[in-house]
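Each reported figure results from applying straightforward, stated rules to the coordinates on display, with no laboratory input. Computed from a predicted structure; not experimentally measured. For neighbour counting, all protein chains shown are included, and Cβ atoms are generated from backbone atoms with ideal geometry for every residue, glycine included.
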Amino acid sequence: MDRDDHDREPQPQPHGDEREFSEERESLWRIAFAPTIWAFHFIISYAAVSVYCFKFGALFDMNTLRFALIAMTALMLAAIAWIGWRAFLRWDVRDTGEFTNPEGSAEDRHQFLGHAGFLLAIVSFIGVVYDTLPLILLGSCR
Amino acid sequence: MTDRQIPAGDLMAEGVYPPTEEMLNEPVPEEVQKRQKENLRKAWKTPDGWRYWTAVNNSEVGAWYTMTAFVFMLIAGVMALLMRLQLWVPENDLISADMFNQLFTMHGSAMMFLFAVPMFEAISILILPAFLGARDMPFPRLSAYGYWAFLIGGIFVIGSILFSAAPKAGWFMYPPLATIELGIGSDIWLLGLSFIEIASIAAAVELIVGALKCRPPGMRVNVMPLYAWYVLVVGGMILFAFPPLIAGDFLFELERSFDWPFFDHTRGGDPMLWQHLFWIFGHPEVYIIFLPSIAIAAMIVPTVARRPILGYSWIVLSAVGTGFLSFGLWVHHMYTTGLPNISLGFFSAASEAVVIPTGIQLFAFVATLIAGRVKMTLPMLWIAGALAIFTAGGLTGVMVAVAPFDWQVHDTYFIVAHLHYTLFGGMVFPVIAGVYYFFPFFRKKMLSERLGRWAFWLIFTGFNVTFLPMHLTGLLGMPRRVYTYPGGLGIDWLNQISTVGAFVIAAGFAIFAWDIVRPKKDQPQIARNPWGGGTLEWSHEIPETKWGVRSIPHITTRYPLWDQPKLVERMDAGRYYLPDAEEGYRETIVTSVIDARPIQVQRVTGPAYITIMAAAFTGGAFIFPTFHLYTPAIICAAFAVVSIIYWLWTTTARPPEKDMKDVGLGLSLPTYAAGPQAVGWWAVWITMLGDATAFASLVFGVFFYWTSNTAFPPPGAEHASGLFVALATAAFALSWALTRGARSLNRAGRVGLARAALAAAPLLTLSGMGGFILSVLDLDPTSHVYPAMMWALMVWVVAHGIAGTIMQLYCLAGSLFGKLTPRYDADLWNVTLFWHFLGLTALVTGAMIGLVPRMM
């Protein structure tokens, strides 16, 4: 209960810690960033390969497309890693030592969203790696 | 105290929040409590007699919804028994091939569309408000409308089998089989289920807004019940999964009714587009069914383990992660369609990746059980059965996700075994667990422990006896969906075992159904919290009260009944928020999305006939076209629109009699909201997101034909008139700008100008619609898929233009009759939001009809 007093609303401007964790600075969307990158990676890879195989197979070599997509993968993995790192910092487990954040306080909510975002970044990272394997292992449309 | 100049939608909460301990300790005088209860009872009274059916309260609608879905399931189960009887011996002639086709088509369609998805909506409508300490869902009449639509559509679809007119092309309705099929079966499937899909989207809108905006004060996102997280994820999935199917149905029905050749390869069409659209829906659908059921497990497991769930964040991760990844799996139903192997590879990889989040949540449950002191109650028995069966189904899932393995077992009984293991383990068992667990909550009675154990062991044993041998039947080569088989292939005895098992399952369900309906009048009053749960639904009152919660609590923990002492006592005394209904209205509190700060008192609607009428007319609009009766269909559609307008006009976003309301504990909240603060605005936003997805599916269709077809558009094809397309697009853009402008003008108090804009805008919309019609008028949609696709885009934008015109006129009328004023402008905000989407749709349509084909 007492932690909750931090962000009493609707009161005059809070300051310091309270302000840092205020609701306005948070977004539920943020935890979805990494999976969204996975979705884009998936759609772009699938669409590019389909269009290539059905439309442009004769125009240029598949390896060009594969390398382009693998390069895109590297960039996207870097972006997911960065998102994951930022989320890890928000979780702040090294300073607080709290692995779970079950309390109804602004700080716990903030760290929880960091934790969820961090875990989602890991799953998205693995998903992107999985989805790149066909590009590495298979070299033709057949 | 309120500045009269501020728009009512911009008013803020005033006073103290959060409440202090001293405020909560202050007792509420007895006579005050008595008066408050009297007011609440009056406001929330369920209508008597035959008026009972006009009720819209979530406890009534949820109960009807659940029971209807359950009855549909039993009927679909009987169809399965008939099929098993037919397969009892080789060369059986009990059922004709044609009837067998109808049976398996209806069994699959009914289980998916009339049981599994509606069951999620039904259970959520029934219990989500209680998890959130809310009085009701934000839009009770929308729930009721959805229910009546579901009932009408469901009876229509499932009843068709009695006339031997049921669809028979399989639950996925693959063209060309389904498009060329004679009879009305395919139309019943397409129109009946489209109607139900729309009801599903309505429920999804309701549930998402409920989980985001109707949580009790203080229930931040990190303390909300896991069930609410799942509802959010599943609601979001419905918005992206159902619309592609609606778009597919739209094209399909245009082909069936008007011979526009979307799936006819002789005229440039491609049956594969249907498969893509169907499975973009169909695979996420599996998770749409699975996640909410496993959410029930997430509520039961902590109670039986008598400790908080382990890995709350991990479960959130797995729900959100599964929600995303499940959209990357659809082609694994299409491994044998000849797509490039490398494309199959992507889907195979994603199908293996989704196992990770799915597995994590099961491990979190198991870990919680290990760490807790488990009490093996009846609900837990069903959850344990669910985990065992689902894991087996998951393992075969990992196998069939590998394309070469799938090529061997595709369309055999191995797949039938796999999908029933996932659906029984992932849906049926957890839902039954939920029925046992929540029955004391929603009926205030207990189900029988003894009957429950009998039902469990019969269904669990029967299930394995039926479906375990099917793996082998399939590996031995027996195909699915074939009404009989020759003897001597080594599958006779396997089929006989499966048939015996099916009847054992049926016996279990008979006991379960009897337990639910048997009279329980003699049962003594049950304990208030019979399982010792820690979440808010167990603060329910016994004997039953209809007001939901006596007062809406301030929540600061995940398990408030365990961790917030005196909570229930204070709720009962009316110490918390909204303990009264002075004005005699039904109300609940709307809070902010992340931290659940109280921001508004929302009036919710009460009993009404209008929702039943609206659903009946909407039903007519969908059902008459099945028989090619278009005039009555159009009349019904018009009446449906009139009913809905009446319903909205009389009860939504009306200027309140006072701007602020004291909700108790020193807090005053606005009674009116507009724009992003308002639940109605969120509902429009969410609905339009789904609508945009359906439109995107049509646009995807254009590009799909371009990639799959060597000649799209065909060489020398006539294009739409560029001039008309340009004019139409410009007219829509201008109408959009006028609508947006009207909102600002109205806020600024320049009501005359706003009205002028709102009067001019519909004229522009109409001319825009005319322009789009004229642009494609010279093309013959039956000649080739290219003109057909252009026509389809035109029909889509014109249909939306009609809705857009009605909304503009609605706001104009609102302004003229004092419903919409500079201070109370919620309707105009919502309509502007709709127009943002419509404006973009028109721009994209203009590009797709006028520009893109010329460049392809």
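As a proxy for reagent exposure, B:GLU206, B:GLU22, B:GLU253 were ordered by neighbouring Cβ count within 10 angstrom, fewest first; the result is B:GLU22, B:GLU253, B:GLU206.
Of all segments of chain A bounded by chymotrypsin sites (Phe, Trp or Tyr not before Pro) found in a DSSP loop with no more than 11 other C-beta atoms within 10 Å, the longest spans A:1-59.
Using r as the Cβ-Cβ distance of B:THR545 and B:PHE363, and R0 as 30 Å, what FRET efficiency do you calculate, to the nearest 0.05? Once rounded, the FRET efficiency stands at 0.15. Sorting B:THR473, B:THR66 from the fewest to the most surrounding beta carbons within 10 angstrom yields B:THR66, B:THR473.
For region B:431-518, the Cα-based Rg and Dmax, in that order, read 17.1, 55 Å. Neighbours of B:SER448, meaning other residues whose beta-carbon lies under 15 angstrom from its beta-carbon, give a summed charge of +4 when Lys and Arg score +1 and Asp and Glu score -1.
Projecting the Cα atoms of B:GLN361, B:GLY345, B:SER59 onto the charge dipole of the protein assembly as shown (Cβ charges, centred on the Cα centre) puts B:SER59 farthest toward the positive pole. Dipole orientation for region A:34-137: of the candidates A:ALA34, A:MET62, A:TRP91, A:MET62 has the Cα lying most toward the positive pole (charges on Cβ; Lys, Arg +1; Asp, Glu -1).
With the cut-off at under 20 Å, measuring from each backbone N in region B:478-511 to a point 7 Å along the Cα-to-Cβ line of B:ASP93 picks out B:482-488. Label-to-label distance for A:VAL129 and B:ILE370 is 2.4 nm, based on points extended 7 Å past Cα in the beta-carbon direction. On full extension, the segment bounded by B:MET856 and B:LEU177 gains 241.4 nm, given 0.36 nm per residue less the C-alpha separation. Only helical runs count toward this figure. For the protein assembly as shown, summing -39,500 (n - 2.57) over DSSP H runs of n ≥ 4 and dividing by all residues gives -21000 deg cm²/dmol at 222 nm. When the P(r) is computed for region B:693-740, the part past 13 Å accounts for 71% of the Cα-Cα pairs.
Size check on the protein assembly as shown: the Cα extents along the three principal axes, sorted descending, read 79, 71, 63 Å. Counting pairs of Cα atoms in region B:745-813, how many percent are more than 21 Å apart? The answer is 40 percent, as a whole percent. Structural size metrics of region A:34-137, computed from C-alpha coordinates, are Rg and Dmax of 18.1, 60 Å. Pairs of Cα atoms under 8 Å, at least six residues apart: use those to get the relative contact order of chain B, whole percent. Relative CO of chain B lands at 18 percent.
In chain B the Cα-Cα distances spread across 20 Å bins starting at 0 as 14, 46, 33, 6, 0 percent of all pairs. Across A:GLY114, A:GLY84, A:GLY104, mean-square fluctuation computed from a Gaussian network of chain A (C-alpha pairs under 10 Å connected) peaks at A:GLY104. So what does the Cα-only Debye profile of region B:139-260 read at q = 0.11 Å⁻¹, as log10 I(q)/I(0), no solvent term? Each listed q corresponds, in turn, to -0.49.
Percent of Cα-Cα pairs more than 38 Å apart in region B:57-517, please. The share of Cα pairs beyond 38 Å in region B:57-517 comes to 19 percent.
Charges were assigned to the Cβ only: +1 to each Lys and Arg, -1 to each Asp and Glu. The resulting dipole of chain B about its Cα centre is roughly 1980 debye. Find, to one decimal place in angstroms, the Kirkwood hydrodynamic radius of region B:384-500, where the mean of 1/r is taken over every pair of different Cα atoms and then inverted. After inverting the pairwise mean of 1/r, the radius is 15.6 Å. Between B:GLU22 and B:ILE802, the FRET efficiency from the beta-carbon distance, with R0 = 60 Å, is close to 0.55.
Only the Cβ atoms of Lys and Arg (+1) and of Asp and Glu (-1) were treated as charged; on that basis the dipole of the protein assembly as shown about its Cα centre amounts to roughly 980 debye.
Were the residues from B:TRP454 through B:THR821 laid out at 0.36 nm apart, the gain over their Cα-Cα distance would be 125.9 nm. Dipole magnitude for region B:706-856: computed about the Cα centre from +1 point charges on Lys and Arg Cβ and -1 point charges on Asp and Glu Cβ, it is near 760 debye. Just to check, using Stokes-Einstein with a Kirkwood Rh over alpha carbon pairs, what's the diffusion coefficient of region B:526-670 at 4 °C and 1.567 mPa s in µm²/s? Using the Kirkwood radius from Cα pairs, D works out to 70 µm²/s.
Shielding of peptide B:813-820 by partners, expressed as the average count of other chain Cβ atoms within 10 Å per residue Cβ, is 0. Its alpha carbons considered, region B:675-855 gives a radius of gyration followed by a Dmax of 17.9, 58 Å.
Centre-to-centre separation between the Cα atoms of region B:728-757 and those of region B:166-235: 35 Å. The ranking of B:LYS661, B:LYS42, B:LYS520 by Cβ neighbour count inside 10 Å, starting from the fewest, reads B:LYS42, B:LYS520, B:LYS661. Residue separation of B:VAL71 and B:PHE405 scaled by 0.36 nm, minus their Cα-Cα distance, works out to 116.5 nm of gained length.
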